[in-house]
Amino acid sequence: MLMPESMTSNPKVVVVDDEKKFLHLAKKNLSLRGFEVELAEAGEEGIAKIYYFNPKVVLLDVLMPRLTGDELVKMITDWRPEVQVIMVTANISPEAREECMRNGAYAYVQKPVNFNQLAELIQEAAQKSESLPPAS
């Protein structure tokens with residue numbers, strides 16, 4: 001049985017994090033697992049990448065300068081509800097985690113990241129994204 005093209009293609013992922021080391025690690029590890037990956041070092045750049053790259057999933061750091069992850073997750077889910085946001089951070093309070101989830105995050109992952117588990121989570125999030133209609 002043939003699957004629709006969108007289901008057979010490698011999910012597109014945008015990684016937004018102000019930590020360059022994590023960005024490069026994520027690109028390397030996720031690309032090796034078949035994902036198409038774009039990187040952004042700040043929230044504003046992340047918005048542009050989402051607009052032009054049209055990802056199914058966004059990996060988003062919580063603690064960033066200027067536009068923080070908890071602000072950005074709300075913006076993304078309001079603007080593009082079909083895009084699934086996975087919060088990735090080293091330090092977050094239970095209150096901040098709850099706020100991110102209330103604002104529409106799909107999941108939360110603590111650094112250091114296990115990229116095998118993260119890849120599975122991204123696949124699940126991409127499948128959910130496929131089942132949702134795009135924003136009008």
Next on the checklist: Give me the extension gain from ASN91 to TRP79: residue separation times 0.36 nm, minus the current Cα-Cα distance, reported in nm with one decimal.
Outcome noted: 1.7 nm
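Given +1 on the Cβ of Lys and Arg, -1 on the Cβ of Asp and Glu, and no further charges, what dipole in debye does the chain carry about its Cα centre, rounded to the nearest 20? If you can, show how the numbers build up before the last one.
Details: 15 positive and 20 negative charges, 65 e Å.
Dipole about the Cα centre, nearest 20: 320 debye.
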Checklist entry - When all C-alpha to C-alpha distances in the chain are sorted into bins of 5 Å, what percent of pairs does each bin hold, rounded to whole numbers? => result 2, 11, 22, 26, 22, 11, 4, 1, 1, 0
Item to check | Amide proton proximity set for VAL109, modelled H, under 5 Å, gap of 5+ | outcome: MET87, VAL88, THR89
Next on the checklist: Using a 7 Å offset from the Cα along the Cα-to-Cβ direction at both LEU63 and GLN117, what is the distance between the two label points in nm, to one decimal?
Outcome noted: 2.0 nm
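Considering all projection directions equally, how large on average is the shadow of the alpha-carbon convex hull of the stretch 65-105, in square nanometres? It would help to have the intermediate numbers written out before the result.
Numbers: hull surface 11.5 nm².
Averaged projected area of the stretch 65-105's Cα convex hull equals 2.9 nm².
Coordinate-derived values only; no laboratory data. Since we're looking at a predicted model, the values are computed, not measured. For neighbour counting, all protein chains shown are included, and Cβ atoms are generated from backbone atoms with ideal geometry for every residue, glycine included.
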